[in-house]
1. If you place +1 on the Cβ of every Lys and Arg and -1 on the Cβ of every Asp and Glu, how big does the dipole about the Cα centre of region 295-387 come out, in debye to the nearest 20?
2. What's the extension gain from Asp183 to Asn298 if we count 0.36 nm per residue and subtract their Cα-Cα distance?
3. What is the sum of charges, Lys and Arg at +1 and Asp and Glu at -1, for the other residues whose Cβ falls under 15 Å from the Cβ of Thr254?
4. If I stretch the segment between Asn127 and Leu265 completely, what's the gain in nm (0.36 nm per residue apart, minus their alpha carbon distance), one decimal?
5. Given R₀ = 22 Å, what would the calculated FRET efficiency be for Thr245 paired with Glu118, taking r from the Cβ atoms and rounding to 0.05?
6. Projecting each Cα onto the charge dipole of region 2-383 (Lys/Arg +1, Asp/Glu -1 at the beta carbon, about the Cα centre), which of Ala256, Ser221, Gly239 comes out farthest on the positive side?
7. Which whole number in µm²/s is D for the chain by Stokes-Einstein, with the Kirkwood Rh taken over Cα pairs at 10 °C and 1.306 mPa s?
8. Which FRET efficiency value, to the nearest 0.05, is calculated for Gln38 and Asn233 with the Förster distance at 41 angstrom and r the Cβ-Cβ distance?
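Coordinate-derived values only; no laboratory data. These numbers come from a predicted model, not from an experiment. Neighbour counts run over all protein chains shown; Cβ positions are idealised from the backbone, glycine included.
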Amino acid sequence: MTLILILLVNCKESTEKDMQSENFQSVVKRLSVIEDLQILQYKNSAIAVSGAYQGKVFTSTANGLDGKSYGYINWKLFDDNTYETTMSKLGGESRMWFGPEFGEYSIFFDKGVERDVENMKISPELNSRKFELIEQDSLSIVYGSDMNIRNTYGTIFNINAKRKLSLLTQPQIESDLGITLHDNMAYVGFSAETTIKNLGEPWKKENGLLCIWDLGCMLTSPDNRVIIPLRKNTDALTGYFTPVTSDRLLIKDTIAFYKADAMGLNKIGVKSQLSKNMMGSYSQKNNQLNIIKFTFENDALYVNSLPENRSPYDGDVTNIFNGEVNEALDRNWPFYEFESSSSAKELDTDETLYHKHTTYHFEGSFDDLNRISKKVLGVDLSNIPKF
């Protein structure tokens, strides 16, 4: 409660200089216009969330008010005063999304139009539908709403969507990851649990299916490397947008290393036969290790979001999006994304689909971070390839 009171007082004293800084306090000041903005706090860890904004985690900190703010937020939409009708583009460390993005069952195109970037169109309720409070305690909130999502094929999905956001305590983090957190380490962990219920007619593969897709936009640095443990060796991962070259992706001994530095538009994906239920990233410059853990059932159906794909249910479980800042191409994406997806299922009326995506940030000495990485990711940080 102390942290919340300090933030409310300091919000009245904001300056333009403060707004441009990257600590948690200054970010929350700028976010104060958001309806139902709440700060969940445990010791020095905190998350800034809005249940009304479809259960979004905007950002987090492991070091209190002055700690680093980890999440990317699209401030231009705040400057343009369009943030209430552009929820899908606000960024944030965890936001609810649905797939597939491309293909004959895409939810991003009207029926009958050519499926190219110029014609992409988000279902209106993903941009503007505000959720209502279901329940809340000191470390978690649950919000939900009925929604309509349409796909290119013409199917209308009538759903109830529910999001539970939880800030994790030290014992929970230690239990989840099988680690011990030393006193000199900074940490924050939070989970987003999404449940959707089919309120309409039964869902069939031949009409298209939905998956739950959790997207986490993270601020980055030039030395940031994503670490993805794989179930077996492979020569390549799924590539999007631009070729995945050896100066951005290296796969060695069932570990994929990916340069996520926001210095070149690219995206990779991991299919179910290769996927485990976690991934992470490391920056030596920032003394920061990130871990993502998610539910993974290894089911048969994962929606395919590759353009022009001919296998609509042979898609990826996880994706990493790498942005770039390129004024000539009107791109201002100084972030990378951790993305995880549920499987897709044929749901009868009132049946549900569930997905949990959990984010952990750690700051500390190399030895402490390396101990966690070796335990959780199976990677010695001193052995990350130089590329």
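1. The dipole magnitude comes to about 480 debye.
2. Stretched fully, the Asp183-Asn298 segment lengthens by 37.7 nm.
3. Net of charged neighbours comes to +3.
4. Taking 0.36 nm per residue and subtracting the Cα distance, the gain is 47.3 nm.
5. 0.25
6. Ala256
7. For the chosen part, D equals 75 µm²/s.
8. 0.40
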